[in-house]
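Q: Can you keep this structure in mind? I'll have questions shortly.
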Amino acid sequence: MSCFRFLEENQQLLVTTFSGVRYVVNGPGCVSLNPCSSSETRSAMVLNVGQYAVIVNDEFGTKRTVYGPCVDWLGPRESVAARSNCPQLDQTEYLTIRDGTNGHTKNIVGPILYQPGAYDEFGPPKSKS
């Protein structure tokens, strides 16, 4: 096992120490590791215009939403729960959004590029009558 890791641009090293502590190192660069540590190389998440991702933190049970265009670096206890395109509504469409935390609903009327929140639940766009 090598004690050095070389990271390219948009690469990240997730390191777990022998005691179970996790941390990340973002590239580019060279990282020196303790031989008793384990590591995993992962790519940064690149989102284009009109895309979004929901990120979950398994330590605190929280969620956050990231919108493109961007490059997002996950934290040591984070993972991607969902990644998709933001709904694009034209002037004849609407969405019914349900907040997963409290059950409240709201309608979003087009034209709009809707950016969903971390706890939003919705189906396909519907046509206005």
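The values are calculated or read from the model by the stated rules, or taken from the named source; none is laboratory data. Values in this document were obtained by computation on a predicted structure and should not be read as measured data. Cβ: placed from backbone, ideal geometry, glycine included. Neighbour counts: every protein chain shown. Surface accessibility is based on the protein's heavy atoms, side chains included, excluding ligands, DNA and RNA. Shrake-Rupley method; radii C 1.70, N 1.55, O 1.52, S 1.80 Å.
Q: As a test of the definition: which semi-axes, in Å, follow for the range 15-129 when you take the square root of five times each eigenvalue of its alpha carbon gyration tensor? Largest first, please.
A: Rounded to whole Å, the semi-axes are 38, 16, 7.
Q: Quick check for you: with a 1.4 Å probe and neighbouring chains kept, what is the accessible area per residue of the chain, in Å²? Present the calculation step by step, with values, prior to reporting the outcome.
A: Values: 7830 Å² over 129 residues.
I get 61 Å² per residue for this part.
Q: Obtain the nm distance between the two label points defined at R22 and S127 by a simple spin-label model: each point lies 7 Å from its Cα along the Cα-to-C-beta direction.
A: Going by the 7 Å Cα→Cβ label model, 4.6 nm.
Q: Could you grab the relative contact order for the range 45-89? Cα pairs under 8 Å, six or more apart, rounded to a whole percent. Can you show the working numbers first?
A: Values: 82 pairs, mean separation 21.3, N = 45.
Here the relative contact order equals 47 percent.
Q: Take the range 87-129, drop everything but the C-alpha atoms, weight them equally and run the Debye formula without solvent; then report log10 I(q)/I(0) at 0.24, 0.26 Å⁻¹ to two decimals.
A: Debye intensities relative to I(0), on a log10 scale: -0.77, -0.87.
Q: So how far apart, in nm, are the two label points at S32 and T96 if each is 7 Å from Cα heading toward Cβ?
A: Calculated label separation equals 6.1 nm.
Q: Defining a contact as two alpha carbons under 8 Å apart and six or more residues distant in sequence, what relative contact order in percent does the chain show?
A: With pairs under 8 Å counted, the relative contact order is 19 percent.
Q: Another question, if that's okay. Of the heavy-atom accessible surface of the chain (probe 1.4 angstrom), what whole percent is carbon and sulfur?
A: Percent of accessible area from carbon and sulfur atoms in the chain: 51.
Q: Shifting gears a bit: Pulled fully out, how much extra length does the chain show between T62 and I112, if you take 0.36 nm times their separation in residues and subtract their Cα-Cα distance?
A: Taking T62 through I112 to full extension adds about 15.3 nm, to one decimal.
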